[in-house]
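Worksheet: one structure, shown below.
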Amino acid sequence: MGLFSKRQRPFTVRYEAKSSEGGLDQVLTMANHTEADVVPVLRYRPLDFYGRELPLVSVTTVQGTSRGQVIVPAGLEVRDLLRFEGPGCRSVRFVDTEVLELVEAEPTGVDKVPVTVMVDLDKQATRDPENFWGIGVQNQTDAEMRVRVTLVELEERDGDNPRQPVDWVSLEGDVELEPQSHDVVWLPEGVRGRYHDVLGAVAAPPLA
């Protein structure tokens, strides 16, 4: 061993402009390497392919990580989705992230992130927006869980550019799940066919 060793940073963030597996583009993944549940409040600085700042581009977070709305439990990773607007928004390929606050949350006992999927009328997972009638939410932990659930509408593909979220809506109330349980939240008929994906995260209480 050398004289120096690399220590894992307590909280890390990575951004992927375009999915390599056909999933969501512009995904931000937060990893909590500590033994405490935390609520991050983050600020984003968009960069182009060469690492140059794009000062006229604004960044919005779908799950509210810029506003402290989700918990990243100890030892787990949580995803958010970013939207870029303004001149140069199509040129974003990297994001420099600043942690404004990292607030320790009350322990949740959660050791797995919630599972959220689009389901059809038979409660089977689907990727087809036309068959998206409800949201399946699963708690695989031995603790109670409050889940923030957000539906995401995506734009049409624009060449090889990352696909932007154009609209999203979070359920008015968090989904509350007993340990080792699941539930289905049915959607109003008027929204069927509009949304393309669903995100879930452990909901944070309001920051003081």
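The values are calculated or read from the model by the stated rules, or taken from the named source; none is laboratory data. What you see is a predicted model, and the numbers here were worked out from it, not measured in a lab. We place every Cβ from the backbone using ideal geometry, glycine too, and count neighbours over all the protein chains shown.
So here's what we get for this one:
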{"quantity": "Residue match in region 38-56 (condition: of a type outside the set (Val, Ile, Thr), touching a residue at least 60 places away in the same chain (Cβ under 8 Å) and farther than 30 Å from residue 187 by Cβ)", "calculated": "no"}
{"quantity": "Residue within region 119-134 that is of a type outside the set (Gly, Ala, Ser), under 22 Å from residue 81 (Cβ atoms) and within 16 Å of the chain's Cα centre (by Cα) present", "calculated": "no"}
{"quantity": "Condition met for residue 25 (of a type in the set (Asp, Glu), touching a helix residue (DSSP H, G or I) at 6+ places or on another chain (Cβ under 9 Å) and outside the structural domain of residue 174 (by TED's automatic domain parsing))", "calculated": "no"}
{"quantity": "Every residue from region 40-53 that is buried (at least 22 other Cβ atoms within 10 Å of the Cβ) and under 23 Å from residue 145 (Cβ atoms)", "calculated": "40, 42"}
{"quantity": "Every residue from region 135-175 that is at pLDDT 95 or above and small (Gly, Ala, Ser)", "calculated": "136, 143"}
{"quantity": "Count of residues meeting criterion [touching an Asp or Glu at 6+ places or on another chain (Cβ under 6 Å), outside any loop (DSSP other than H, G, I, E, B) and surrounded by fewer than 24 Cβ atoms within 10 Å (Cβ to Cβ)] in region 54-77", "calculated": "2"}
{"quantity": "Filter result for residue 166 (outside the structural domain of residue 84 (by TED's automatic domain parsing), surrounded by 13 or more Cβ atoms within 10 Å (Cβ to Cβ) and within 21 Å of residue 64 (Cβ to Cβ))", "calculated": "no"}
{"quantity": "Among the residues listed as 137, 149, 95, 119, the single one being in contact (Cβ under 8 Å) with a residue 24 or more places away in the chain and outside the structural domain of residue 190 (by TED's automatic domain parsing)", "calculated": "95"}
{"quantity": "Residue check, residue 56 in contact with a Phe, Trp or Tyr (Cβ under 7 Å, 6 or more places away or on another chain), modelled with pLDDT of 95 or more and not β-branched (Val, Ile, Thr)", "calculated": "no"}
{"quantity": "In region 171-208, residue surrounded by the fewest Cβ atoms within 10 Å (Cβ to Cβ) [restricted to those that are in contact (Cβ under 8 Å) with a residue 60 or more places away in the chain and either of a type in the set (Ser, Thr, Tyr) or more than 30 Å from residue 141 (Cα to Cα) (or both)]", "calculated": "193"}
{"quantity": "All positions within region 181-199 that are under 15 Å from residue 113 (Cα atoms) and of a type in the set (Gly, Ala, Ser)", "calculated": "181"}
